[in-house]
1. Restricting attention to segment 270-278, does a residue exist that is modelled with pLDDT under 95, assigned by TED's automatic domain parsing to the domain that holds residue 193 and in a loop (DSSP other than H, G, I, E, B)?
2. Can you give me the number of residues within segment 92-126 that are touching a residue at least 12 places away in the same chain (Cβ under 8 Å), under 22 Å from residue 300 (Cα atoms) and not in a helix (DSSP H, G or I)?
3. Considering only segment 270-282, I want to know if a residue exists there that is out of contact with any strand residue (DSSP E or B) (no Cβ under 8 Å at 6 or more places or on another chain), closer than 28 Å to residue 207 by Cβ and surrounded by fewer than 17 Cβ atoms within 10 Å (Cβ to Cβ).
4. Can you name the number of the only condition in (1) touching a strand residue (DSSP E or B) at 6+ places or on another chain (Cβ under 9 Å); (2) within 29 Å of residue 209 (Cβ to Cβ) that residue 311 fails?
5. In this structure, does residue 170 turn out to be assigned to a helix (DSSP H, G or I), buried (at least 17 other Cβ atoms within 10 Å of the Cβ) and at pLDDT below 95?
6. I need the full set of residues from segment 136-148 which are exposed (fewer than 14 other Cβ atoms within 10 Å of the Cβ) and in a helix (DSSP H, G or I), in order please.
7. Residue by residue through segment 232-263, note down the ones that are surrounded by 14 or more Cβ atoms within 10 Å (Cβ to Cβ) and in a loop (DSSP other than H, G, I, E, B).
């Protein structure tokens, strides 16, 4: 989930235009830069991440033409060369990285997620034209101030021109896929009012469902058995929520596909087993801030579901 949130932050920052010159620090007049330290907003960024050592990357499987592969996403390879380059660029943008291993894993996770998004774009005929990429590229060159300054920025941030164009393409594709996934969240939004009981054991969940079906009080059983400390003392009441506001996609799907008053379950999530009952359902207005949160939640849930269903092989140790 941390990798997803990092990925979403990068996507949101580049939705309108990638503008990496502004985001990562453009060359400052009178300043100097090298491969280890660069002047960013007047401060020197001290990098503590070291390159991957041979023990970290060998042996790796190979793909086409004998190229080493660090991961495969639905059969599509992420090469060691591309990963090392992305790691260098990501290191350039970080200050005081504490956990080297976690940082390296995060970079690979982001590459996996980008690969999945690009695959979804292809499946849904979502494209970015060369003209759009060229327009964004020219905007970045203009921000740098001159072609020479632009080339300096590319070098300082470990980009070739082709690599930067690929990054622009990914950012624009991601923004377009995000719009496709989110769809139209305008006007009133469907909400449900539901309650649940969360337990760790499926057998217990089935026993509680039987007891509720035989007339025992849902709220009393929630107070006695539920592991959800935020709702158990309120009879398991989850209040009103939109589908994308629940962090557990399986629970959200069940809540919005069930009949009123129906006892649903057990519904398994990473938290355990849920017994669910929808009490009310209606469309409700939402303000702009909540609408934005719903949009991001919808994309997060979609990406989480994509990761869970994809065939992903990671080879780094």
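1. yes
2. Residues that pass the stated criteria total 2.
3. Let us first name the residues in segment 270-282 that are out of contact with any strand residue (DSSP E or B) (no Cβ under 8 Å at 6 or more places or on another chain), namely 270.
From what's left, closer than 28 Å to residue 207 by Cβ: 270.
This time we only want the ones that are surrounded by fewer than 17 Cβ atoms within 10 Å (Cβ to Cβ), so: 270.
Yes, segment 270-282 has at least one match.
4. It fails just one condition, (2).
5. no
6. First, the residues of segment 136-148 that are exposed (fewer than 14 other Cβ atoms within 10 Å of the Cβ): 138, 142, 146-148.
138, 142, 147, 148, listed by residue number.
7. 235, 236, 246, 247, 248, 258
Conditions tested, residue by residue: (1) closer than 25 Å to residue 71 by Cβ; (2) in contact (Cβ under 8 Å) with a residue 24 or more places away in the chain.
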| position | (1), (2) |
| --- | --- |
| 132 | no, yes |
| 141 | no, no |
| 156 | no, yes |
| 162 | yes, no |
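The values are calculated or read from the model by the stated rules, or taken from the named source; none is laboratory data. Predicted model only: the values in this text are computed from it and were never measured. For neighbour counting, all protein chains shown are included, and Cβ atoms are generated from backbone atoms with ideal geometry for every residue, glycine included.
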